[in-house]
Amino acid sequence: KRYLLLNGPNLNLLGKREPGVYGSTTLRELEETIVKLGIENQVEVSCYQSNHEGSLIDKLHEANELGLDGVIFNPGAYTHYSYAIRDAIAGINVPVIEVHISNVHARESFRHESVTAPVTKGQIVGLGLKGYELALLALLESTRERG
Ligand code: DQA
């Protein structure tokens with residue numbers, strides 16, 4: 001089984017950006033943790049981050065073409081307004097779990113809406129980086145069920 005860890009805009013600054021909100025772990029450390037969790041479960045996890053909407057869309061299309069088994073996706077601020085990313089998720093046959101590190105519901109009102117969540121398998125919010133691990137475990141479980 002193969003999965004993709006996909007991070008959107010500004011998440012390359014993880015660990016350096018607003019550590020009070022997003023913690024002090026870097027993107028590389030997060031990616032290492034998720035890849036390792038994959039190895040422990042005999043699956044492959046590839047990682048990609050981009051600050052560009054179109055690149056994230058291309059990556060979702062590629063995940064579909066490669067027939068990946070799931071995507072763990074933090075679309076960053078695109079979550080709140082990118083219909084193009086929403087359409088990309090809706091247009092692929094790969095299950096996507098949306099993750100937000102911070103509790104978006106406890107923050108500014110523009111963060112309360114997700115235009116992408118309705119077309120994902122589910123959303124994990126506010127549990128810090130643990131959310132990415134839980135997303136992979138949920139995908140593993142659902143792919144096991146589907147065989
Ligand atoms: C975020 C929440 C978004 O509102 C914000 O724009 C981000 C990160 C999170 O992981 O908490 O870039 O997706």
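Every number in this text was worked out from the coordinates using simple rules, so none of it is lab data. Source: prediction; values computed, not measured. Virtual Cβ from ideal backbone geometry, glycine too; neighbours counted across all protein chains shown.
Structure notes:
Table: residues versus (1) within 15 Å of the chain's Cα centre (by Cα); (2) of a type outside the set (G, A, S).
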residue: G70; (1), (2): yes, no
residue: N74; (1), (2): yes, yes
residue: Y78; (1), (2): yes, yes
residue: Y83; (1), (2): no, yes
residue: I89; (1), (2): yes, yes
residue: R107; (1), (2): no, yes
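- Candidates are the residues of the range 28-48 that are in contact with a strand residue (DSSP E or B) (Cβ under 6 Å, 6 or more places away or on another chain) and without any contact (Cβ under 8 Å) to a residue 40 or more places away in the chain; the one that is farthest from L140 (Cα to Cα) is E31.
- Qualifying residues in the range 84-115 (those that are in contact with a His (Cβ under 9 Å, 6 or more places away or on another chain) and over 16 Å from N64 (Cα atoms)) - the one surrounded by the most Cβ atoms within 10 Å (Cβ to Cβ): S114
- Top-ranked residue of the range 18-34 - restricted to ones that are surrounded by fewer than 18 Cβ atoms within 10 Å (Cβ to Cβ) and farther than 25 Å from A106 by Cβ, ranked as farthest from the ligand (Cβ to nearest atom): E32
- Checked against the criterion of being assigned to a loop (DSSP other than H, G, I, E, B) and in contact with a helix residue (DSSP H, G or I) (Cβ under 6 Å, 6 or more places away or on another chain), the range 26-38 has no qualifying residue.
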